[in-house]
Every structure is written in structure tokens, then in C-alpha cells.
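Please read the structure below before turning to the comments.
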Amino acid sequence: MTTKVRSSKFRHVVGTPMQLRDTYGDILTGSCHSESTIIKANSKFFAMPWAPTGSVCIVPLARVGTVPEETPLVHYRDAEGDKCQVNELDLSPCADNLLLTAGNDGGLAVWDIPAEGLTANITTPTVRVQASEKRLLVAKFHPLASGIAVSGAADKVVKIWDIEAGGSEVSALQQEHKGLLTDLAWNHEGSMLATSCKDKKLRVFDARSGECVGEAADHQSPKSTHLAWAGKLDKIITAGFGRGSDRNLHVYDPRNLSARLSEHKLPAGSSVMHLMFDEDTGVLFVAGKGGGNNLIFAGGGGAAFVHPLLAYKRTTPPHGGCLLPQTH
């Protein structure tokens, strides 16, 4: 009996570690929210929480090698001027110089980074909004509209903000969440938002009206679920836990969440899986935070939608991960 091999231009993809001369050293990772991917990057910089508490390091991608101990930092402070933990951060896909931080005090701040990188510490953001009285858990820039950002707080409230208008509130999602948010994702046009939550539900909202337009029971465990919106393919992929250490990928059509399109079993483990979808190639990267397995899938084609390409094993478990844009 013969087995049909699925045709794919990525079928022979391999994982190759960077040479030491092309990496960044002496990384002093700071504290942040446990659901965070920790690191974000655009075509010019990467950013991550730094030591001490409340600091963010912005490193130009071209400046490989050791990060100097005295490197300038962004220092986030609460309304009283005290140090405050940055729970999540993001770099704008529309403007390379904009950094978004979500604070443990409920403050959402945008920072303007000089084109050549930081030359001195920054303590005053361009815009700061008291997004919630509770700590912020998630925050992301809009994929297309410059100056639009979304925040989600521990009070289960998700709001969209216009940073360019001084931080005015654009809309708030219907308060459907019964547990803490673990992740959210924009669709390709930025007109819809998908959320994952400790109440084991996947939800889709209209970003402008805030209306919940779809809901589905997702992974069986209340442990962390993360998701990705496969933009142009218009599918939502979630990674979460079943019973015990079982982990799975679920695929949904956002127009009909009641019928799950497919399910793919992942290697058993305790590490939370973060999803990164490459819009240009249609490749999905699944990275375990604190685990050694990095899985790569081809998206699209066939009922399964996700098709295994490679299981790349690292000897050193990663703390976080992100994709670099194709322009780099």
C-alpha cells in the first residue's frame, strides 16, 4: 500500500540556529505577565521587559552582540511616579518608532523611540491612558490603522483606543468574558477581534460596535489558551490543553464557530504554546514557552488546514518568541 505525500513547497523546511556572531548577548529579562510572549520585533528593533522592574529594553536589530549593561531603557511609572511592572508590550506594525506598554497599574502608554534607538533613558510616554483600575493583561496595536490599540484588563474589560487622538476610547467589547483573558488577536483587516479566556471559550467580536458575533466551547482545560488569526486565509487557530498534559490545536471558521474545522494533537507537555502565523508564507509556528519543542505547520489546503512540517527541538527552553518581518 502506498501513502500519498502532501505536496508543499515547505515540506523540506529545516531549523538552523543562528551563528553566535549574529545573536544578542547578556540579555537581562525582566518580569512581566505570565501570558506574555515577552519579546516583540519590527523591521528596526526588538523590545522586551528588562531588569529592573518597569523597564523595557529597545535594541536595534542591526546592533548584534552583547547588550551593554548601561544601555538606555524605557522606564514605566505609575500615576504616583513609582516603578510599575510592564505586563505586556507591542511594537507598531505601522510605525517602527512606536512602543506600546501595558502596566500592572492599569495604565496603557505609547512611547516614541528615536530612529537610531535610545540614547538616554525615557521616563515620560508620548501618551498615557488609565485604561483600567485593574492590571492590564494584554495589549496590541491595530494591524493597519496607525495609532489604534486594544487593551484587556483583569476586570475582563476589553477596550479599543485611539492613541493619535490623545488616547480617546473608540469602543468597548461586550462584557461576555467569565474568566481572565489569556490572548486576543485581530483579523487581517482589523475589523474583528478574537479572544481566549480562562472560561474555556473562544469569542469573536466586531471591533467597531463591540458586539460578540460568535462564541464556541474551546479547549477542555482552564489552563492558558493562545490563538492566532490566519489573516488572509480567514481562520482562527487556538492552542490549549485537554485533560492532564494533553495539548491540541483547534481550527475554526470565524463565520461559524459552532462547527470546529479540525483538531491536531500536539506533543504532551506542561508548557504554554504560543502561536505565530506568517501571513506571507502561510506557515504557522508553535513555540512552547519553557519547553524545548518548536513545531512548524503549513496552513491552508484540505479539511485539516494545518499540516505538520517540522518538529525542531532546542536544548535550551525559550522564554518567549516572535516573528521578524520579511523586510528584515
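The values are calculated or read from the model by the stated rules, or taken from the named source; none is laboratory data. The model shown is predicted, which means the values in this text are computed figures rather than measured ones. FYI the Cβ positions are ideal-geometry reconstructions off the backbone, even for glycines, and counts take in every protein chain you see. SASA here: full protein model, heavy atoms, side chains in, ligands and nucleic acids out. Shrake-Rupley method; radii C 1.70, N 1.55, O 1.52, S 1.80 Å.
Computed quantities for the displayed model
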read-out: Residue, most open to solvent (accessible area, probe 1.4 Å), within region 73-91, restricted to residues that are at pLDDT below 95 and not charged (D, E, K, R); value: Ala79
read-out: Selection from region 207-231 of residues that are open to solvent by 50 Å² or more (accessible area, probe 1.4 Å), without any contact (Cβ under 8 Å) to a residue 40 or more places away in the chain and not aliphatic (A, V, I, L, M); value: Arg208, Ser209, Glu211, Gln220
read-out: Residue in region 139-156 that is part of a strand (DSSP E or B) and at pLDDT below 95 present; value: no
read-out: Out of Pro60, Pro68, Pro17, Pro49, sole residue that is within 24 Å of the chain's Cα centre (by Cα), loosely packed, with under 15 Cβ neighbours inside 10 Å and modelled with pLDDT of 90 or more; value: Pro60
read-out: Of all residues making up region 181-202, the number that are touching a residue at least 40 places away in the same chain (Cβ under 8 Å), assigned to a strand (DSSP E or B), open to solvent by 10 Å² or more (accessible area, probe 1.4 Å) and in contact with an Asp or Glu (Cβ under 8 Å, 6 or more places away or on another chain); value: 2
read-out: All positions within region 19-41 that are within 20 Å of Asp183 (Cα to Cα) and part of a loop (DSSP other than H, G, I, E, B); value: Ser31, Cys32, His33, Ser34, Glu35, Ser36, Thr37, Ile38, Ile39
read-out: Filter result for Ser43 (of a type in the set (Ser, Thr, Tyr), in contact (Cβ under 8 Å) with a residue 60 or more places away in the chain, out of contact with any Cys (no Cβ under 9 Å at 6 or more places or on another chain) and open to solvent by less than 30 Å² (accessible area, probe 1.4 Å)); value: no
read-out: Near pairs, Cβ below 7 angstrom, 6+ apart or cross-chain, from region 63-75 (more than 14 Å from Phe46 (Cβ to Cβ)) to any residue that is of a type in the set (A, V, I, L, M) and surrounded by fewer than 17 Cβ atoms within 10 Å (Cβ to Cβ); value: Pro72/Ala120
read-out: Of all residues making up region 134-172, the number that are over 19 Å from the mean Cα position of the chain (by Cα) and among the hydrophobic types (A, V, I, L, M, F, W, C); value: 4
read-out: Tabulated pairs, region 265-278, first touching a residue at least 60 places away in the same chain (Cβ under 8 Å) and open to solvent by 20 Å² or more (accessible area, probe 1.4 Å), second acidic (Asp, Glu) and not in a strand (DSSP E or B), C-beta under 9 angstrom, 6+ apart or interchain; value: Val272/Glu35
